[in-house]
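Here is the structure we will look at, set down as structure tokens.
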Amino acid sequence: MEPNDTATRYDQIARWWQTEHQDSPYGIAQLERAIKFTSLRHSALDVGCGSSGRFINILSKHEFQAEGLDISREMINLAKQLHPEVTFYMEDICCWIPPKLYSLISAWDSTFHLPLNAQEPVMKKLCDALEPDGVLLFTCGGGHKNSEISGAFQGQHFEYSTLGVDAFLRILTSNHCTCRHLEYDQYPENHVYIIAQKT
Ligand SMILES: C[S@@+](CC[C@H](N)C(=O)[O-])C[C@H]1O[C@@H](n2cnc3c(N)ncnc32)[C@H](O)[C@@H]1O
């Protein structure tokens, strides 16, 4: 599915997402784990931040200058209402050119929506946007080979792709990042989160 189609679907559920996820603990322990690896607390970026700004809250609490990016207009509009002081980018991560380097980048359950052929260039972009020692947290589909799946969520059709864990690790290594943590955190669901650090 092309990113603009994903955006249209998330526009439809942005308000529901905000109500449902504003105080959700989902992914927060994993974000806290990633933060522990950081040595610098300059800028941080949440890719596919959604409408609740829940990762932004944690990043700000840890004294990062937090920013959010999302392709969905509705997600961004709602996030801005909750966090008027924060910089938000309404952008497709596939096309966006990072304006600076970040101490931490999170992409929790967002880049798994990218078309398969966009996975590697986006991972490279995120690695390149890290400061030395910068930390990347992202989720992906597990397994050892690439695959694409689709499914219904809140009445909307969504598509997901993964390169497989081995390929993601290879991409991290070839873009000067090392894996700090990899976990099938919802096993037997095929959901993986990875923490990597710029070497
Ligand atoms: C499952 S939601 C997760 C939201 C947030 N990370 C959270 O955990 O609360 C996925 C988010 O990724 C965004 N997204 C999907 N594809 C994107 C893309 N190509 N560029 C930027 N954002 C994208 C969607 O608009 C949506 O807000």
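The values are calculated or read from the model by the stated rules, or taken from the named source; none is laboratory data. The structure presented is a predicted model; accordingly, all values stated were derived computationally and were not measured. Counting neighbours? That spans all protein chains shown, and the Cβs are built from the backbone with ideal geometry, glycine included.
Structural remarks
- Screening SER103, SER72 for residues that are small (Gly, Ala, Ser) and more than 22 Å from GLY134 (Cα to Cα) leaves exactly one candidate, SER72.
- For the stretch 99-109, the criterion of being surrounded by fewer than 24 Cβ atoms within 10 Å (Cβ to Cβ) and of a type in the set (Val, Ile, Thr) is met by none of the residues.
- Among the residues of the stretch 48-89, those that are acidic (Asp, Glu), crowded, with 18+ Cβ neighbours inside 10 Å and either more than 12 Å from the ligand (Cβ to nearest atom) or not in a strand (DSSP E or B) (or both) comprise GLU67, GLU74.
- Enumeration of residues in the stretch 90-120 that are outside any strand (DSSP E or B), near the ligand (Cβ under 8 Å from one of its atoms) and among the polar types (S, T, N, Q): SER110, THR111
- Matching residues, the stretch 22-47, being at pLDDT below 95 and either more than 16 Å from the ligand (Cβ to nearest atom) or touching a Gly at 6+ places or on another chain (Cβ under 9 Å) (or both): GLN22, LEU40
- First in the stretch 101-112 and closer than 14 Å to ILE71 by Cβ, second anywhere and away from the ligand (no atom under 12 Å from the Cβ), Cβ under 7 Å, 6 or more apart: PHE112/CYS140; PHE112/GLY141; PHE112/THR162
- Top-ranked residue in the stretch 140-149 [being free of Cβ contacts under 8 Å to residues at least 24 places away in the same chain and assigned to a strand (DSSP E or B); ranked as surrounded by the most Cβ atoms within 10 Å (Cβ to Cβ)]: SER147
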